[in-house]
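Structure first, then comments.
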Protein chains: 2
Amino acid sequence: MTKEELANRAVFPMGKENAAFAQYFQGQSYLNMLTTEGVAIGNVTFEPGCRNNWHIHQAKNGGGQILLCTIGRGYYQEWGKEARELHPGDVVVIPAGVKHWHGAAPNSWFAHLAVEVPGEETKNEWCEPVSDTEYEKLK
Amino acid sequence: MTKEELANRAVFPMGKENAAFAQYFQGQSYLNMLTTEGVAIGNVTFEPGCRNNWHIHQAKNGGGQILLCTIGRGYYQEWGKEARELHPGDVVVIPAGVKHWHGAAPNSWFAHLAVEVPGEETKNEWCEPVSDTEYEKLK
């Protein structure tokens, strides 16, 4: 999916360059917070090849994140498992404590809604980038 | 928006007829629960003219619901206020304790994601239907 196709078809605006989290991403992502009341929900858009670092949603209770894939093609991978290819309509439930990454396919824009599951003492632990060697195995 | 247009363009499948809540709706709705882990998120689709009864998301703490409008045209109305017309990309944050209804426009299919905001002692209080007189004021 090209940027023009994404711009024409996306339901939720892509928002601005995701400067706050850029240090934890390879490539350019965009973040549009849809709401921070009750449950924080952001629309995250990734340019082709863009992915976030391995990370863990830590929480004492509850926590984690839910991805609702809306457009384009991407990947989700948990540590020690095969990457899962993502398409519009796919839902990923990421439990707290699980090391993982998500992002675009090498040749496609991708966007998902990210729903923060409320919990106690929640925080993100950011780890190492997904290496080019690992990422380049993906189509 | 016609049913065919909705079927061709919708990102999230519409699921089955919403039998469990049919008693609280005028017209036919469809419900596809995307996840019930962490935060319950359902895709709700309304045929033209379909709307739910006035209702209140009761909670001792937290609670309420967030609507993420994905396709078609619909309405949201809080008791004593003007109805708000809804389009794809619109977000509605419904606080606990506020009497309201939502549904399709008279001549358009409509769908939104409904995100249940977690809370303490949450339950839905269902009230009277939106009267034809009130609803027929809407375009």
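Checking the cross-link filter: which aspartates and glutamates have an alpha carbon closer than 20 Å to that of A:LYS123, excluding same-chain neighbours under 8 positions apart?
In chain and number order, the partners are A:GLU37, A:GLU78, B:GLU37.
Shortest first and in nm with one decimal, please list how far the B:PRO13 label point sits from its counterparts in the other copies (point 7 Å along Cα→Cβ).
The projected label point of B:PRO13 is separated from its counterparts by 3.3 nm.
Sticking with the crude label model, points 7 Å out along Cα→Cβ, report the distance from B:THR36 to B:ASN8 in nm, one decimal please.
Reported label-point gap for B:THR36 and B:ASN8 is 3.5 nm.
Choose one answer from B:ASN107, B:ASN53, B:ASN61: the residue with the largest mean-square fluctuation in a GNM of chain B with alpha-carbon springs under 10 Å.
B:ASN61
If each label sits 7 angstrom from Cα along the C-beta direction, how far apart, in nm, is B:GLU47 from its counterparts in the other copies?
Shortest to longest, the spacings are 4.7 nm.
For chain B, what is the mean residue ellipticity at 222 nm derived from helices alone (per DSSP H run of n ≥ 4: -39500 (n - 2.57); sum divided by total residues; nearest 500 deg cm²/dmol)?
The per-residue figure over chain B is -1500 deg cm²/dmol.
Using unit Cβ charges (K, R positive; D, E negative) and no other charged atoms, how large, in debye to the nearest 20, is the dipole of the range A:18-82 about its Cα centre?
80
Considering only the label points, 7 Å along Cα→Cβ from Cα, what distances in nm to one decimal separate A:MET33 from the same position in each other copy, shortest first?
Values, ascending and in nm: 3.0.
Once the convex hull of the alpha carbons of the protein assembly as shown is built, what does its volume come to per residue, in cubic angstrom?
130
Report, in cubic angstrom per residue, the convex hull volume of the C-alpha atoms of the range A:1-72.
In the range A:1-72, the Cα convex hull volume per residue is 108 Å³.
Where in the range B:1-25 does the amide nitrogen come within less than 16 Å of the point 7 Å from the Cα of B:ASN107, taken along Cα to Cβ?
Residues passing the 16 Å test: B:1-3.
Quick check for me: using +1 on Lys/Arg Cβ and -1 on Asp/Glu Cβ, what's the dipole size of the range A:3-136 about its Cα centre, in debye to the nearest 20?
180
Within 10 Å, at most 11 other Cβ atoms, and a DSSP state outside H, G, I, E, B define an exposed site. Report the longest part of chain B free of exposed GluC sites (Glu not before Pro).
B:1-81
Among all the aspartates and glutamates, which ones have a C-alpha under 15 Å from A:LYS81's C-alpha, if same-chain residues fewer than 8 places away are not counted?
A:GLU134
For the range A:60-101, run through the chymotrypsin sites (Phe, Trp or Tyr not before Pro) and keep only the ones in DSSP coil with at most 12 other Cβ atoms within 10 Å of their Cβ.
A:TRP79
Step through the table entries A:LYS99/A:LYS139; B:LYS3/B:LYS139; A:LYS60/B:LYS16; A:LYS137/B:LYS16; A:LYS3/A:LYS137, compare each Cα-Cα distance with 28 Å, and write down the pairs that go over it.
Table pairs above 28 Å Cα-Cα are A:LYS60/B:LYS16; A:LYS137/B:LYS16.
Measure off, as a whole percent, the carbon and sulfur share of the 1.4 Å-probe accessible area of chain A, all protein chains present.
Here carbon and sulfur together make up 47 percent of the probe-accessible area.
Can you give the Rg to Rh ratio of the range B:3-136, both from alpha-carbon atoms, with Rh computed by the Kirkwood formula?
For the range B:3-136, the value is 0.94.
The values are calculated or read from the model by the stated rules, or taken from the named source; none is laboratory data. Predicted, not measured: the structure shown is a model, and the values here were computed from it. All Cβ positions, glycine included, derive from the backbone under ideal geometry; neighbour counts span all protein chains shown. For accessibility, only protein heavy atoms count, side chains too; no ligands or nucleic acids. Shrake-Rupley method; radii C 1.70, N 1.55, O 1.52, S 1.80 Å.
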